[in-house]
Amino acid sequence: MTAMLTGRVLVVDDDTAIRTVVREALRRAGHSVEAVGTIADMRRALDEFEPDVLVSDVMLPDGDGLDFVPEIVRQYPGLPVIILSARNTLATAVRATEQGAFDYLPKPFDLEELGRAVMAALAGRVVAHDDGEVAASPHELPLIGRSPAMQIVFRTIARVVPNDLTVLILGESGTGKELVARAIHDLGPRGSSPFVPVNMAAIPRELIESELFGHERGAFTGAAQRTAGRFEQAAGGTLFLDEIGDMPLEAQTRLLRVLQEGEFTTVGGARHIRADVRVIAATNKDIERLVADGGFREDLYYRLNVVPMRLPALHQRGEDVGELARHFLERASADGLPRKTLDEAAVARLARHGWPGNVRELENLMRRLAALVREERIGAAAIEAQLAHAGGSSTGAEPPAIEAEGGLAGSVELHLARYFASFGRDLPPDGLYDRLLAEIEVPLLRIALAAAKGNQIRAARLLGINRNTLRKKLTDRGVDPAHSRRSG
């Protein structure tokens with residue numbers, strides 16, 4: 001059985017209650033703890049108490065705790081610093097890491113998590129970084145969120161920014177995978193070099209190798225001149241391979257070889273070119289299942305999955321919805337749309353929505369509201385109306401009648417074309433097939449029951465299914481047979 005590491009821990013926080021709670025929790029874990037409330041007292045305790053770990057708040061009465069981290073790292077080499085902060089932003093997490101902090105915990109924090117961080121610090125896993133300023137101000141950073149789920153993301157970003165480790169970003173469509181990749185690039189040492197995104201799902205299978213690695217003149221029919229591939233375009237910077245789960249197996253083999261050897265050749269070329277890029281990959285698929293099913297190379301998966309980062313769906317970070325919505329309204333205003341604000345009831349309604357399209361769906365809704373709502377202050381009724389329209393046609397137009405040209409198939413095709421168009425260059429959230437069938441099945445069940453005057457045996461025969469199947473569908477879809485009987 002491994003013995004628990006214990007040591008001397010200095011806690012710095014101007015909140016007496018926090019000092020007391022943290023001190024007692026760490027003492028119960030076997031540590032010797034000194035707790036102070038100012039930077040001046042911290043300086044004294046560093047010399048007198050000689051701690052093994054320093055735990056410090058940022059906002060202190062006589063200064064910013066983060067400003068003193070580089071000095072502490074220089075004067076007390078090997079002393080790990082754990083930063084606590086109520087300013088739960090990506091900028092704080094990155095700044096803490098760049099200043100040389102061992103770890104960053106957002107307030108309110110979990111005492112068990114703090115205990116684990118102290119244990120890790122005592123185990124000697126000190127991360128040293130050069131002193132330096134964060135390249136972007138908090139207002140320029142694209143990621144927003146104070147939820148616990150996003151704090152985990154921010155801390156991971158802060159840890160991978162200073163290095164070239166390969167990152168695999170996992171998450172549903174619309175969660176902001178490219179924004180995270182851009183933040184890692186922009187805040188890191190490669191930030192002044194190109195960031196080159198590639199959507200693997202959008203490239204025809206036969207062109208993937210040419211797209212990634214480039215081709216020489218005459219390499220294939222139509223190759224009239226030499227063309228640099230994405231690896232070459234991203235030289236010195238970051239190559240973002242989005243939708244990596246859609247990459248064909250033959251291209252996976254070539255990519256694996258490049259990652260292993262650090263060089264590549266163009267299609268039709270013989271000269272080896274150094275691959276001076278940081279690779280960040282992303283997917284909304286269950287990539288471990290793809291590996292198990294043989295659809296993705298296991299060795300490539302391990303090459304890409306050096307630092308995995310899972311982005312939460314928007315419904316898992318409900319406390320961020322209001323802040324995100326206001327941010328998107330501000331951005332819409334900056335783009336020339338009318339300036340709008342949200343009242344409290346509107347924010348509450350947004351928080352109750354399931355957001356199958358995640359952050360992208362929220363952004364599209366805010367832009368639509370900015371353009372269509374006449375009032376300067378948006379209320380819950382306007383939100384409700386737009387969400388109701390989005391459940392059918394995301395453009396807000398009524399779906400065409402069945403009698404439209406092309407019959408039902410034509411109507412559905414027109415409806416889907418409008419729906420896809422509402423997402424611009426992006427794709428709708430995954431699971432469209434089941435969602436579409438559910439939308440069609442509900443009115444079909446209701447009308448069939450109404451036509452059969454509520455007689456389920458007759459309705460089942462009309463639909464061509466047995467009665468038990470009909471009953472299950474009515475239950476699954478929430479259709480009330482009694483209502484259909486009354487309607488008939």
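A compact table of results
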read-out: Qualifying positions in region 224-269 - touching an Asp or Glu at 6+ places or on another chain (Cβ under 9 Å), without any contact (Cβ under 8 Å) to a residue 40 or more places away in the chain and among the small types (Gly, Ala, Ser); value: Gly229, Gly262
read-out: Residue count for region 368-389, restricted to those that are touching a Leu at 6+ places or on another chain (Cβ under 7 Å) and buried (at least 17 other Cβ atoms within 10 Å of the Cβ); value: 5
read-out: Elements of type helices (runs of 4 or more DSSP H) contained in region 297-395, each with 1 or more residues being of a type in the set (Phe, Trp, Tyr) and within 30 Å of Arg254 (Cα to Cα); value: 298-304
read-out: Strands (runs of 3 or more DSSP E) (entirely within region 163-265) containing at least 2 residues that are surrounded by 15 or more Cβ atoms within 10 Å (Cβ to Cβ) and either of a type in the set (Gly, Ala, Ser) or touching a Cys at 6+ places or on another chain (Cβ under 7 Å) (or both); value: none
read-out: Region 297-322: number of residues that are in contact with a helix residue (DSSP H, G or I) (Cβ under 7 Å, 6 or more places away or on another chain) and open to solvent by 40 Å² or more (accessible area, probe 1.4 Å); value: 5
read-out: In region 267-289, residue nearest to Ile244 (Cα to Cα) [restricted to those that are over 21 Å from the mean Cα position of the chain (by Cα) and open to solvent by 40 Å² or more (accessible area, probe 1.4 Å)]; value: Asp276
read-out: Pick from region 446-462, criterion open to solvent by less than 40 Å² (accessible area, probe 1.4 Å) and part of a loop (DSSP other than H, G, I, E, B), ranking: farthest from Pro481 (Cα to Cα); value: Ala452
read-out: Conditions (1) at negative phi; (2) part of a loop (DSSP other than H, G, I, E, B): number failed by Glu288; value: (2)
read-out: Search result, residues across region 463-476 that are within 20 Å of Ala438 (Cβ to Cβ) and part of a helix (DSSP H, G or I); value: Leu463, Asn468, Thr469, Leu470, Arg471, Lys472, Lys473, Leu474, Thr475, Asp476
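Residue by residue, here is whether (1) modelled with pLDDT under 50; (2) buried (at least 21 other Cβ atoms within 10 Å of the Cβ); (3) in contact with a helix residue (DSSP H, G or I) (Cβ under 8 Å, 6 or more places away or on another chain); (4) not in a helix (DSSP H, G or I) holds:
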{"position": "His129", "(1), (2), (3), (4)": "yes, no, yes, yes"}
{"position": "Leu143", "(1), (2), (3), (4)": "no, no, yes, yes"}
{"position": "Arg146", "(1), (2), (3), (4)": "no, no, yes, yes"}
{"position": "Ile152", "(1), (2), (3), (4)": "no, no, no, no"}
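The values are calculated or read from the model by the stated rules, or taken from the named source; none is laboratory data. Quick caveat, the model's predicted, so the values are computed rather than measured. Counting neighbours? That spans all protein chains shown, and the Cβs are built from the backbone with ideal geometry, glycine included. Heads up: the accessible areas ignore ligands, DNA and RNA and are worked out on the full protein's heavy atoms, side chains in. Shrake-Rupley method; radii C 1.70, N 1.55, O 1.52, S 1.80 Å.
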